[in-house]
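Take a look at the structure below.
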């Protein structure tokens, strides 16, 4: 496993060690002992989620707050997405900054997202299957989110506006402002 630090503290891009031959490939997508040894962090994942989406779908920008906050390890099983995270930790030096990473079945990259980040993704391929491990259970009452077109974030979702497929509840979310803290 190869770890690449990002501009956002605690957010890591993880490249698995791939074993390929004429039969195909194999890789270990997660091993808690290796993860802890390589990153210095422990991860006790308790819930796995998977979604299927078509081109243009943008699922953004959500987080769990308080005692129900979640760290996530995300990857794409089929297709390609632009994965986006926003640091909303009030005391962080990168508060209000975002990171966008292309994750695909082809590049097999994973993104580790610590607690205190908004998360979303845009589907860039015809379809995509997205998989994520969470270290805390989902709690509807702790759900929070911000509008994907928040001007303070200036996120380029790589999807033309007329081709975006967005849930009504996401369109009604408030705009994020870096002056909220």
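No lab work stands behind these numbers, since they all come straight from the coordinates. Fair warning: this is a prediction, and the values are worked out from it, not measured in the lab. We place every Cβ from the backbone using ideal geometry, glycine too, and count neighbours over all the protein chains shown.
Worth pointing out:
- Segment 39-93 versus segment 19-34: alpha-carbon centroid distance in Å: 22
- Using a simple spin-label model with pseudo-atoms 7 Å out from Cα toward Cβ, residue 22 and residue 46 lie 4.8 nm apart.
- The fewest-to-most ranking of 177, 104 by surrounding Cβ atoms within 10 Å reads 177, 104.
- Principal axis analysis of the Cα atoms in the chain yields extents of 50, 37, 29 Å, listed in decreasing size.
- The shape of segment 84-181 comes out rounded: with a ≥ b ≥ c from the C-alpha gyration tensor, a/c is under 1.5.
- For 135, 156, the sequence from fewest to most other C-beta atoms within 10 Å is 156, 135.
- Based on every Cα atom in segment 124-181, Rg and the maximum pairwise Cα distance Dmax equal 14.1, 39 Å.
- Choice from 16, 151, 114 with maximal GNM fluctuation in the chain (Cα, 10 Å cutoff): 151
- Put a dot 7 Å past the Cα of residue 163, heading toward its Cβ, do the same for residue 67, and the two dots end up 4.6 nm apart.
- Label separation (residue 3 vs residue 172): 4.2 nm, computed from points 7 Å beyond Cα along the C-beta direction.
- Order of 143, 20 under a 10 Å beta carbon neighbour criterion, fewest first: 20, 143
- For segment 70-128, the calculated P(r) over all alpha carbon pairs, in 5 Å bins from 0 to the bin holding the longest distance, is 4, 20, 28, 21, 14, 8, 4, 1 percent.
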